[in-house]
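Scroll down for the structure; my scribbles are underneath it.
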Amino acid sequence: MGLGWMGDERSDAGLRGRDLIGLGGLLAGCVVVGLVVGLLVDDAADSAPVGVLIGIGLGILAGAVGFVVKVRAALRG
């Protein structure tokens with residue numbers, strides 16, 4: 001006799017703590033990589049804040065896309 005609310009039938013679909021930590025690392029990593037690439041572009045082209053701002057923007061965009069892809073894959077199974 002099982003307790004339905006305790007979830008006798010556990011599903012592996014969904015996000016667990018380690019998955020959420022990985023998603024946070026993905027977001028932070030994309031922003032940091034964008035920042036570093038932007039700094040390198042600024043240094044090479046002598047275009048002070050432009051490269052950093054574009055790099056951070058692209059890092060945020062890449063992180064968001066990666067986040068959505070990983071969450072959808074985790075929720076599918």
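The values are calculated or read from the model by the stated rules, or taken from the named source; none is laboratory data. It should be emphasised that the depicted structure is a prediction, and the values quoted were computed from it without experimental measurement. Every residue, glycine among them, receives a Cβ derived from its backbone with ideal geometry; neighbour counts consider all protein chains shown.
If you go through segment 37-55 one residue at a time, do you hit one that is closer than 24 Å to residue 14 by Cα, surrounded by 13 or more Cβ atoms within 10 Å (Cβ to Cβ) and not acidic (Asp, Glu)? No - not one qualifying residue is present in segment 37-55.
Contact annotation: residue pairs with Cβ atoms under 9 Å, 6 or more positions apart or on different chains, pairing a residue in segment 18-36 that is among the charged types (D, E, K, R) with a partner that is at pLDDT below 95, are 19/70; 19/71; 19/74.
Scoring residue 37 on the criteria (1) at pLDDT 90 or above; (2) not in a helix (DSSP H, G or I) leaves a single failure, condition (2).
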